[in-house]
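First the structure, in the form of structure tokens, and then the observations on it.
Read the figures in this text as sums done on the coordinates, not as results from a lab. Since the structure is predicted, the reported quantities are computational estimates derived from the model, not experimental observations. Note: ideal-geometry Cβ built from the backbone for every residue, glycine included; neighbour counts use all protein chains shown.
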Amino acid sequence: MNGEKNAIMVNYSDKELAAGVARELKSFITDHVNQILNEKAADEQTPMSMSDAASWLGISRTTLSKLVGKGEISYKSFNPDNPKAKKVFTKKDLREWLLKNKSKTIDELKAAGYESAS
């Protein structure tokens with residue numbers, strides 16, 4: 001060849017072009033979504049210290065200690081027989097506690113049959 005580029009002109013309809021692009025992108029998008037989900041699952045199980053867990057929840061370490069002492073928040077301990085042993089937390093456990101203890105919105109209260117006294 002003499003350095004010239006050859007172009008092939010193909011006449012596709014908008015629908016044919018969109019279908020072709022969608023086919024090509026489907027596996028690409030699926031791979032990336034799966035990668036993100038795997039990274040999220042790994043992050044959910046990564047151990048956090050008590051300080052990190054308290055910070056993630058937006059509460060003080062003292063408050064977290066009290067909740068742990070009451071058995072309200074799950075944790076893993078390096079020495080379960082010693083209550084003062086180092087404890088670690090996962091985002092999954094903390095998120096479950098948050099969901100279980102979230103305040104209801106006004107709409108949720110109304111839907112449950114609670115009406116304000118007028």
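Could you count how many residues in segment 6-35 are of a type in the set (A, V, I, L, M) and surrounded by 10 or more Cβ atoms within 10 Å (Cβ to Cβ)? Steps first, answer last, please.
So the first thing to find is which residues in segment 6-35 are of a type in the set (A, V, I, L, M), and the list is 7-10, 17-19, 21-22, 25, 29, 33.
Okay, now just the ones that are also surrounded by 10 or more Cβ atoms within 10 Å (Cβ to Cβ), so 17-19, 21-22, 25, 29, 33.
Total satisfying the criteria: 8.
Can you name the residue in segment 33-78 that is part of a helix (DSSP H, G or I) and among the β-branched types (Val, Ile, Thr) and is also nearest to Trp97 (Cα to Cα) among such residues? Ranking the qualifying residues of segment 33-78, first place goes to Val68. Sub-8 Å Cβ pairs linking a first residue in segment 23-51 that is without any contact (Cβ under 8 Å) to a residue 24 or more places away in the chain to a second residue that is of a type in the set (D, E, K, R) and surrounded by 10 or more Cβ atoms within 10 Å (Cβ to Cβ), at least 6 apart or interchain, are Ser51/Arg61, ordered by first then second residue. Look at Lys70 and say whether it is of a type outside the set (A, V, I, L, M), surrounded by 10 or more Cβ atoms within 10 Å (Cβ to Cβ), more than 13 Å from Leu94 (Cα to Cα) and out of contact with any Leu (no Cβ under 9 Å at 6 or more places or on another chain). It is false that Lys70 is of a type outside the set (A, V, I, L, M), surrounded by 10 or more Cβ atoms within 10 Å (Cβ to Cβ), more than 13 Å from Leu94 (Cα to Cα) and out of contact with any Leu (no Cβ under 9 Å at 6 or more places or on another chain). Among the residues of segment 82-105, those identified as closer than 26 Å to Ala41 by Cα, among the charged types (D, E, K, R) and surrounded by fewer than 16 Cβ atoms within 10 Å (Cβ to Cβ) are Lys86, Lys92, Arg95, Glu96, Lys100, Lys102.
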